[in-house]
């Protein structure tokens, strides 16, 4: 069993222009860098790359949990700015059990409607997690189907 901790040999900070700045152990500085998740849905806290503006990887981070709190917070804040995937908390109504159908949902970003083109736009991900893509290509996630209220699960079951 490998119990060694990740050795942090880089620093992240924001420069005067507000861009994320990477400083390597040897003092090399890269401006306008950004984090990218390798597995944004299945393992969002694992496999993060810091990429420069040309798309070259500067560092690979196997697990965010191994980072110092300040570095982890900077990476999570940057990822939140770049990623948009509302979490569905409740399905209030569906226009039809045949597709396409319009769903009224409550998400962590507020209430909205999504249009489901077909049942094939609902994917089961690891465990009870679902990914739903609407007709505009926006991905919505249900983190745990079992945590939905009874009404939401009943509506969702008609499409699974």
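Considering the conditions (1) outside the structural domain of residue 22 (by TED's automatic domain parsing); (2) more than 13 Å from the chain's Cα centre (by Cα), residue 129 is excluded by exactly one of them, (2).
One line per residue, one yes/no per condition, for (1) touching a residue at least 24 places away in the same chain (Cβ under 8 Å); (2) under 26 Å from residue 108 (Cβ atoms):
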| site | (1), (2) |
| --- | --- |
| 11 | yes, no |
| 16 | no, no |
| 25 | no, no |
| 29 | no, no |
| 43 | no, yes |
| 62 | yes, no |
| 66 | yes, no |
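Filtering region 97-126 to residues that are within 21 Å of the chain's Cα centre (by Cα) and under 14 Å from residue 86 (Cα atoms) leaves 105, 106, 107, 108, 109, 110, 111, 112, 113, 114. Taking the criterion of being within 21 Å of residue 70 (Cβ to Cβ) and modelled with pLDDT under 90, the only residue of region 26-58 that qualifies is 44. For residue 88, are the conditions met, namely being within 30 Å of residue 50 (Cα to Cα), assigned to a helix (DSSP H, G or I) and either in contact (Cβ under 8 Å) with a residue 24 or more places away in the chain or in contact with a helix residue (DSSP H, G or I) (Cβ under 9 Å, 6 or more places away or on another chain) (or both)? So residue 88 does not fit the description; no.
Can you work out which of the residues in region 30-49 that are assigned to a strand (DSSP E or B) and touching a helix residue (DSSP H, G or I) at 6+ places or on another chain (Cβ under 8 Å) is surrounded by the fewest Cβ atoms within 10 Å (Cβ to Cβ)? Reasoning before the result, please.
Here is the first cut: in region 30-49, the residues assigned to a strand (DSSP E or B) are 30-31, 34-37, 46-49.
Next, from what is left, pick out any that are touching a helix residue (DSSP H, G or I) at 6+ places or on another chain (Cβ under 8 Å): 34-35, 37, 46, 48.
On the way: 34: 17, 35: 20, 37: 19, 46: 15, 48: 24.
For region 30-49, the residue satisfying everything is 46.
Residues in region 91-127 that are modelled with pLDDT under 95, more than 13 Å from residue 159 (Cβ to Cβ) and not in a loop (DSSP other than H, G, I, E, B): 125 alone.
The values are calculated or read from the model by the stated rules, or taken from the named source; none is laboratory data. Given the structure is predicted, the values throughout are model-derived calculations rather than measurements. Quick reminder, even Gly has a Cβ in these numbers, built from the backbone with ideal geometry, and neighbours come from all protein chains shown.
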